[in-house]
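The values are calculated or read from the model by the stated rules, or taken from the named source; none is laboratory data. Given the structure is predicted, the values throughout are model-derived calculations rather than measurements. Note that each Cβ is placed from the backbone with ideal geometry, even for glycine, and that neighbours are counted across all protein chains shown.
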Amino acid sequence: MMREGLLVRVEPRSWTVEVDGVDVPCSLKPRLFARKTNERNPVAVGDRVLVRLEEGRGVIEEVLPRRNRVARPAAADPATLQVTAANIDLLVIVVATQDPPPRLGLIDRCLVAAERQGMEALIVVNKSDCGRPEEVRERLARYPRMGYPVVFTSALTGSGVEEFGRLLAGRTSLLVGHSGAGKTSLLNRLDPGLERKTGALAKHGRGRHTTTSVSLWRLSNGGHVVDTPGVRAFGLSDVPAAELAILMPDLRPFTGTCRFPDCTHDHEPGCGVRSALDRGAIDAERYASYLRMLHGILGEEEDGEGDES
């Protein structure tokens, strides 16, 4: 009997599909591994799949078309993409006020990826009971002006968690962020029924990777959420350099005013983006972030801020 389901857990040689509210352990049809794509993994959490049910187990026969995907270059082969999740409504970027401090490079890359894939985006600042949250609030004030909400939370005290939960209700969300920002602790505080394991920060100040597989967790408010291992690099490998500025809402209005249609907004004369920067219409830190991402896409240098987890 063939049924449609939602892929909710991916482990080595093991897949779990939610079919009519029941988690079914599944195997994968061998022909799916033979598909000619640039993706390392044939399926990802969030995929809608067709499953053939057989005595309490299933075989994933087909992957239905995706609305979007979240992917990064595979460590062993940068030309191959490791797809983390599919069919995501909301990309949630979790940072902390300290330990580790927020790095705008990661935030900006994630926002570009969300724009590229047609996802909404939310910035969550955890550990708001620590450090100097007002300084962080001032530093991140540019994002709400661009239409990206910023919510301050504390997994320890529960502050802001109710608002965070309302924004996730009824959606499929993906949480990304550096290890140690408290993604798992925040999910535990939001929905204790998840019973997730949390890990203490390593002595050097960065988090241990406590999430060893990728799962799509059901929330009691009706939503689903993906918690991923700490992010080492949020890939922009499928973003053309010519589209990067268009995917940044603060740069986008000025991209059509350049003298040259193929302007990279880096060094060319008559650049509308740099003209807007000179007169203060574009934030200098955001423009610097644009250049790091541009040079990373062009293979000229690494995006130095926020890559490590």
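Of note:
Conditions tested, residue by residue: (1) crowded, with 16+ Cβ neighbours inside 10 Å; (2) touching a Gly at 6+ places or on another chain (Cβ under 8 Å).
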{"site": "Arg67", "(1), (2)": "no, yes"}
{"site": "Ala75", "(1), (2)": "no, no"}
{"site": "Cys110", "(1), (2)": "yes, no"}
{"site": "Ala114", "(1), (2)": "yes, no"}
{"site": "Lys127", "(1), (2)": "yes, yes"}
{"site": "Tyr143", "(1), (2)": "yes, no"}
{"site": "Phe164", "(1), (2)": "yes, no"}
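- Any hit, the stretch 118-127, residues being among the small types (Gly, Ala, Ser) and in contact with a helix residue (DSSP H, G or I) (Cβ under 9 Å, 6 or more places away or on another chain): yes
- Qualifying positions in the stretch 59-116 - in contact with a Lys or Arg (Cβ under 6 Å, 6 or more places away or on another chain) and at positive phi: Asn87
- Pairs with Cβ under 7 Å, 6+ apart, first in the stretch 41-58 and at positive phi, second assigned to a strand (DSSP E or B) and buried (at least 23 other Cβ atoms within 10 Å of the Cβ): Gly46/Leu7; Gly46/Ala85; Gly46/Ala86; Gly46/Leu216; Gly46/Val226
- Candidates Thr84, Thr80, Thr97, filtered to the one that is in contact with a Phe, Trp or Tyr (Cβ under 9 Å, 6 or more places away or on another chain) and among the polar types (S, T, N, Q): Thr97
- Filtered residues of the stretch 239-294 (kept if among the hydroxyl-bearing types (Ser, Thr, Tyr) and either touching a residue at least 60 places away in the same chain (Cβ under 8 Å) or assigned to a helix (DSSP H, G or I) (or both)): Thr255, Thr257, Ser275, Tyr287, Ser289, Tyr290
- Some residue of the stretch 181-193 being closer than 21 Å to Val83 by Cβ and at pLDDT 80 or above: yes
- Residues located in the stretch 45-98, provided they are aliphatic (A, V, I, L, M), over 20 Å from Leu168 (Cβ atoms) and either under 17 Å from the mean Cα position of the chain (by Cα) or outside any strand (DSSP E or B) (or both): Leu64, Ala71, Ala74, Ala75, Ala76, Ala79, Leu81, Val83
- The set of residues from the stretch 13-44 being more than 18 Å from Trp217 (Cα to Cα) and assigned to a loop (DSSP other than H, G, I, E, B) comprises Arg13, Lys29, Ala34, Arg35, Lys36, Thr37, Asn38, Arg40, Asn41, Pro42.
- Of all residues in the stretch 10-27, those that are surrounded by fewer than 12 Cβ atoms within 10 Å (Cβ to Cβ) have Cβ atoms under 6 Å from Cβ atoms of residues that are not aromatic (Phe, Trp, Tyr), 6 or more apart or on another chain, in Glu11/Ser213.
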